[in-house]
Amino acid sequence: MGTPTSTALGDANSPGASFAGGGPSEGDGSTAKGRSYYDMFGYPDAASHFEAKRQEIFSKYVNLVSPKLRPVLDKDNIAKFEQVCSGCANFMGRREFIFPDILLVSIICKNALRCAKVVLQGGDVLNGRRADPNGRHRYGFWPLHVAAEIFNVNMVKLLLRHGR
């Protein structure tokens, strides 16, 4: 004998169930007239809000920082690298890590070993951030894959030294 189920209107088992008071978000200050905080700004949830913010920072990095870094990485010039990084550190990542899929992979592709050491160690130049050698690229590979693919033995050794 199974347990009886009720689908009466207002019952928690019914498809359009609602709890007394209209739901958990009403009255707790997180909504304004039934809309969430993020919904008021055009985002259906918090995840899409933070993803949009990440994309905004990422596009600023691509448009502002990347063109300045290309000639610096070609020459592997640490002084110029630190100059560019100190002026553009706000667009280079979140929290304690920089964007691993852009900067570190770019450095590896340009074979800029000295700049790679600076980025992996981090410090004041990068506002306390550093590159994560274990961070995946948005396409699913690690910086170590890139270094091995272009047969850059010194870069592979450096990444292994700074990785877990």
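The values are calculated or read from the model by the stated rules, or taken from the named source; none is laboratory data. No experiment lies behind these values; they were computed from the predicted model shown. FYI the Cβ positions are ideal-geometry reconstructions off the backbone, even for glycines, and counts take in every protein chain you see.
Structure notes:
- Of the set (1) touching a Gly at 6+ places or on another chain (Cβ under 7 Å); (2) surrounded by fewer than 19 Cβ atoms within 10 Å (Cβ to Cβ), all apply to Arg129 but (2).
- Just one of the listed residues (Phe141, Phe81) is assigned to a loop (DSSP other than H, G, I, E, B) and at pLDDT 80 or above, namely Phe141.
- Qualifying residues in region 151-164 (those that are more than 17 Å from Arg114 (Cβ to Cβ) and surrounded by 12 or more Cβ atoms within 10 Å (Cβ to Cβ)) - the one nearest to the chain's Cα centre (by Cα): Gly163
Residue-wise test of (1) aliphatic (A, V, I, L, M); (2) modelled with pLDDT under 90; (3) under 20 Å from the mean Cα position of the chain (by Cα); (4) not in a helix (DSSP H, G or I).
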{"site": "Arg54", "(1), (2), (3), (4)": "no, yes, yes, no"}
{"site": "Val62", "(1), (2), (3), (4)": "yes, yes, yes, no"}
{"site": "Ser66", "(1), (2), (3), (4)": "no, yes, yes, no"}
{"site": "Cys88", "(1), (2), (3), (4)": "no, yes, yes, no"}
{"site": "Asp101", "(1), (2), (3), (4)": "no, yes, yes, no"}
{"site": "Val119", "(1), (2), (3), (4)": "yes, yes, yes, no"}
{"site": "Val125", "(1), (2), (3), (4)": "yes, yes, yes, no"}
{"site": "Val146", "(1), (2), (3), (4)": "yes, no, yes, no"}
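- Restricting region 49-82 to residues that are surrounded by 13 or more Cβ atoms within 10 Å (Cβ to Cβ) and of a type in the set (S, T, N, Q), the residue that is nearest to Lys117 (Cα to Cα) is Asn77.
- Scanning region 104-128 for residues that are in contact with a Cys (Cβ under 9 Å, 6 or more places away or on another chain) and under 15 Å from Pro67 (Cα atoms) gives a single hit, Ile107.
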